[in-house]
């Protein structure tokens, strides 16, 4: 039996002047023991869906079964069986109080889940060891580093050994090293404990590196689902990125008319072609451009990434939505530094 | 009774956090004690009868009038400002974290209110003791009754403060709102001087302040009289205020969406 089964889950927000359909009918199934990623730009409806599945927000339509309990009829049953780690960036933070000691947070969480004092102490010890928080018991939460605090927040979501844990943007705001360290811990949850992990992310690398299966969400609907490899295969073909000196419109029309080119888009001032057998296609593409007197500034051939999948599905790049996209001179700048760890 | 258990979990956490910074309990007392020390003596020179009471005048009577007023003022400021703390808790994600656990969502409020009530009772006892040092003489029963009133005021105002703050979610909006509500209530409750000194229209407006009734009843108790309409009105208003505010607060905390 799947651990999450949602049908037609929708959420509409009404403000004074307009109605916003944040999520419009999400169907999804997650099997036990999977690591599943919810990928989409900010505002796509990731967090709203997650908040519905964790009983924080009542769906305006649809129904779901989460960890064996009915979302609408038995929300407390759902809460008992899931762990939830809120996103630690944006309007609200990750759920720890800076003035608490690390051990107090863990024991309080155990009390909230009614697991008994001794059991809570045992779990606290196990989790601090497991998540590299050893020796920090008596430290005030506000003195932890960004990565330590995030790991504590994840520990809080696991105190009661839930079969299913929701992680909302688990690594946003962490430096690359803490991020890959956290990935190892998340993989460990599944390998060592068989925990099902449902995470949201807007990092393609994260979805690619961590998830067995990815749901791509855009504008409140799931536009694709599958393993990262399956999704990339849907794009079928390699991606050639070209930067030409001027005449990019002419180059676009010219390349678009070539039979080997499936698709041409312009993104961040560069031409992005989808071609079959990219390595063999390159020489002929170069010849065509040369014939028309268009000179190349740069060229790059790559296997499709999840961003290409996203672009193909939605016509937009995931990266468009990052603050750096406003500055065309630094298209490679990722939103990794956003929030800068500790605020 | 899992609700009581949950309330105690929240209470213990909040109490621990308060005790980590006990200075605030004392700082909240500075204002009323300053009033007691620097303003109270002015009242001892008022003509006999102006403060109501038994009409004997003098120091004891002045403090029988003034200490109940300061207790209510302490309650008004102490309990209405608690909302600020829940905004920062909300921002830290702590409220949401609690709401995803099986803990009673009402206990998230009730545990905090319990902490506030206990803090306020401790402060009130200190204030009364300082009052005694300055010449307050009142029956022990009256002081206990006064603490009862303070508890009701604290339950009511703290609940509403948490609920309002959680709806507004912004300190910048909450602060001016508090000022515009609390200051008129303080002025209309006859905390510093008896409302009977005012013109008829002002006395009429003052009838809308529930604290007016509570203070009158408390003052009557301090003079040793525990019966009559004033006392009945005071008790009814205090209990009613606590009940209505608690209900309003619980509606916000029990909402399915936050």
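Read the figures in this text as sums done on the coordinates, not as results from a lab. Note that the structure is predicted; figures quoted are calculated from it, not measured. Positions of Cβ are generated from backbone atoms using ideal geometry, with glycine treated the same way; all protein chains shown enter the neighbour counts.
Brief remarks follow.
- Rg and Dmax of chain A, Cα atoms only, in Å: 22.8, 78
- Most tightly packed first, judged by the mean number of other beta-carbon atoms within 10 Å of their residues, the peptides A:262-269, A:297-304 read A:262-269, A:297-304.
- When peptides B:64-76, A:86-98, A:186-198 are ranked by their average number of other Cβ atoms within 10 Å per residue, the highest-first order is B:64-76, A:86-98, A:186-198.
- Calculated FRET value between residue B:239 and residue B:179, using beta carbons and R₀ = 30 Å, to 0.05: 0.65
- Per-residue ellipticity at 222 nm from helix content only, as computed over chain B with -39500 (n - 2.57) for each DSSP H run of at least four residues, stands at -25500 deg cm²/dmol.
- Separation in nanometres of the label points that stand 7 Å from Cα toward Cβ, at residue A:31 and residue B:168: 5.3 nm
- For the protein assembly as shown, share of DSSP beta bridges that run antiparallel, in % to the nearest 5: 70 percent
- Rule-of-thumb Rg ratio for the protein assembly as shown [Cα; 2.2 N^0.38 Å; N residues]: 1.26
- Measuring nothing but how far apart in sequence close Cα pairs (under 8 Å, 6+ apart) lie, relative to its length, chain A scores a relative contact order of 19 percent.
- With one equal scatterer per alpha carbon and no solvent term, the Debye-computed log10 I(q)/I(0) for chain B at 0.15 1/Å reads -1.06.
- Within 10 Å of the Cβ of each residue in A:92-102, the mean number of Cβ atoms contributed by other protein chains is 5.
- Residues residue A:223 and residue A:287, FRET efficiency given R0 of 41 Å [Cβ-Cβ distance, rounded to 0.05]: 0.65
- Under the criterion of Cα pairs below 8 Å and six or more residues apart, the relative contact order for the stretch A:175-321 equals 24 percent.
- Projected label points at residue A:1 and residue B:201, each 7 Å from Cα along the beta carbon direction, are separated by 7.1 nanometres.
- Against the main long axis of the alpha-carbon atoms of chain B, helix B:140-168 sits at an angle near 40°.
- Computed from Cα atoms, the angle from the helix B:171-188 axis to the main principal axis of chain B rounds to 20 degrees.
- Subtracting the Cα-Cα distance of residue A:177 and residue A:303 from 0.36 nm times their residue separation leaves 42.9 nm of extension gain.
- The mean count of C-beta atoms from other chains within 10 Å of the C-beta of residues in A:107-114, rounded to a whole number, is 5.
- Computing FRET efficiency as 1/(1 + (r/R0)^6) for residue A:313 and residue A:76, where r is the C-beta to C-beta distance and R0 is 35 Å, gives about 0.40.
- Whole-Å distance, taken between Cα centres, linking the stretch B:167-191 and the stretch A:246-296: 66 Å
- Residue-averaged beta-carbon neighbours from other chains (10 angstrom radius) around A:68-76: 1
- Value at 222 nm in deg cm²/dmol, rounded to 500, when DSSP H runs of n ≥ 4 in chain A each add -39,500 (n - 2.57): -10500 deg cm²/dmol
- Alpha-carbon centroids, the stretch B:219-254 and the stretch A:163-242: separation in whole Å: 56 Å
- C-alpha long axis of helix A:146-158 to longest principal axis of chain A, angle in °: 60 degrees
- Computed on chain B, with alpha-carbon pairs under 8 angstrom and 6+ residues apart, the relative contact order is 26 percent.
- Three-way shape label, the stretch A:1-74, alpha-carbon gyration tensor, a/c 1.5: oblate
- Averaged over residues, the count of other Cβ atoms within 10 Å places the peptides A:45-52, A:103-110, B:137-144 in the sequence A:45-52, A:103-110, B:137-144, highest first.
- Label-point separation, residue B:30 to residue A:267 (7 Å along Cα→Cβ), nm: 5.8 nm
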